[in-house]
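No value in this document is a laboratory result; all are computed from the given coordinates. Because the structure is a prediction, the values reported are computed rather than measured. FYI the Cβ positions are ideal-geometry reconstructions off the backbone, even for glycines, and counts take in every protein chain you see.
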Amino acid sequence: MRKTCHCGETMTMKLRTVIYSGKVEIDNVPIFSCTTCSRSEVIPEVKPDLTGLIAQLGAEPDKGTFLFNECNEWADLLVEAKANKQQPELHEVEALIEQRVNMLLDLHLLAQSLDDEAWIADINKRLQQISRRKLHT
Ligand SMILES: [Zn+2]
């Protein structure tokens, strides 16, 4: 997965630790970064959840560490993709998305058959996160 930087070079996808308020470490945040001009940006697909997490932490958070991939389906998928390959191609990530969506839909059916509303809500949230798939090429 790549994106063209403002400077014209190619930005590559990385998983980075974001430190919030100097106290809270948020690990495995997917970003695009440019080695030429050092610019980096959080990938747009995960931005709403990252800002949501930061809003939850509030202005004076307790010291702690979060694994972003545990609260965001996209980050989780990219952690998996990068475990296979340092710089996964778009089509490889898309294949993983399709697998993940199928798995979530199976889980959804199971959760429905068990009438487990909390679980259904959790799966719905994960499906929503992953359907933000305006991928850059
Ligand atoms: Zn650049």
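Taking each full run of DSSP H in the chain as one helix, which ones are at least 24 Å long along their axis (Cα atoms) and have mean Kyte-Doolittle hydropathy of at least -1.0?
90-113
For a quick check: sort ASP76, ASP116, ASP27 by the number of other beta carbons within 10 angstrom, fewest at the front.
The fewest-first ordering by Cβ neighbours comes to ASP116, ASP27, ASP76.
Test of understanding: what is the full-extension gain from GLU80 to THR4, defined as 0.36 nm times their sequence separation minus their Cα-Cα distance?
Going from the current span to full extension adds 25.0 nm.
Report the label-to-label distance for GLU60 and LEU107 in nanometres (one decimal), using points 7 Å from each Cα along the Cα→Cβ vector.
3.7
If the convex hull of the alpha-carbon atoms of the range 2-131 is projected onto planes in all directions, what is the mean projected area in square nanometres?
9.1
Take THR12 and SER38, extend 7 Å from each Cα along the Cα→Cβ direction, and tell me the distance between the two endpoints in nm.
About 1.9 nm, to one decimal.
Just subtract the alpha-carbon distance of ILE19 and LEU90 from 0.36 nm times their residue separation and send over the number in nm, one decimal.
Contour length minus Cα-Cα distance gives 22.8 nm.
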